[in-house]
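Worksheet: one structure, shown below.
The values are calculated or read from the model by the stated rules, or taken from the named source; none is laboratory data. Just so it is clear, the structure is predicted and the values come from calculations on it, not from any experiment. Don't worry about glycine lacking a Cβ; one is built from the backbone with ideal geometry, like all the others, and counts go over all protein chains shown.
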Amino acid sequence: MSFSRHSIRVAAFQALFALATTPDAEKSELYQTVLKLQPNEEVPTYLTTLVDGVMDNQEEIDAAIAKHLAPGWRLSRLPRPSLIILRLATFELQEKLAPAPVVINEALEVAKDFTDEASRKFINGVLGSMTSESTPA
């Protein structure tokens, strides 16, 4: 079965959310569950790239996010779904896995399913700040 990048991003969000709650969960089983894979079906490479990339670079990703929070805000204050969406998008931006407008749009689409309007605006603001910083004037 072929998966869209959007469905893979949603699955990555779900897997990272589950791993944040249960760090010792078996990733391959999570992937099977979130994508509803058959036992012999292969996990899309992009899913493992996203999940492993976020997990392996979380400290650097969190530092990048923290730089773009409003004064007085800390990562610990963010709702978990918003933080995970920001981590995914930040990883994609840092690794240039997709153009910035695509990454931001996809993050907002994932946020539609897992957060509220205020969180979507917040995510859009943080990602917009990140990308405007890296755009030459």
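Of note:
- Counting residues in region 94-101 that are under 17 Å from Lys67 (Cβ atoms) and in contact (Cβ under 8 Å) with a residue 24 or more places away in the chain gives one or more.
- Filter result for Leu97 (in a helix (DSSP H, G or I) and either surrounded by 15 or more Cβ atoms within 10 Å (Cβ to Cβ) or charged (D, E, K, R) (or both)): no
- Only residues that are closer than 20 Å to Glu95 by Cβ and in contact with a Phe, Trp or Tyr (Cβ under 9 Å, 6 or more places away or on another chain) were counted in region 1-48, giving 14.
- Inter-residue pairs, beta-carbon under 6 Å, first under 18 Å from Ile85 (Cβ atoms) and in region 16-36, second of a type outside the set (D, E, K, R) and assigned to a loop (DSSP other than H, G, I, E, B), 6+ apart: Ala18/Ala25; Leu19/Ala25
- Condition met for Ala64 (of a type in the set (Gly, Ala, Ser), closer than 19 Å to Ile123 by Cβ and in contact (Cβ under 8 Å) with a residue 60 or more places away in the chain): yes
- Residue match in region 7-24 (condition: charged (D, E, K, R), at pLDDT 95 or above and crowded, with 18+ Cβ neighbours inside 10 Å): yes
- Entry remark, region 13-30: residues being in a helix (DSSP H, G or I) and under 19 Å from Gln58 (Cβ atoms) number 11 in total.
- Here the condition is being of a type outside the set (Lys, Arg), under 21 Å from Leu97 (Cα atoms) and assigned to a loop (DSSP other than H, G, I, E, B); of Val10, Val51, Val43, it holds for Val43 alone.
- Among residues of region 108-137 being among the hydrophobic types (A, V, I, L, M, F, W, C), crowded, with 17+ Cβ neighbours inside 10 Å and without any contact (Cβ under 8 Å) to a residue 40 or more places away in the chain, the one that is farthest from Gln14 (Cα to Cα) is Leu108.
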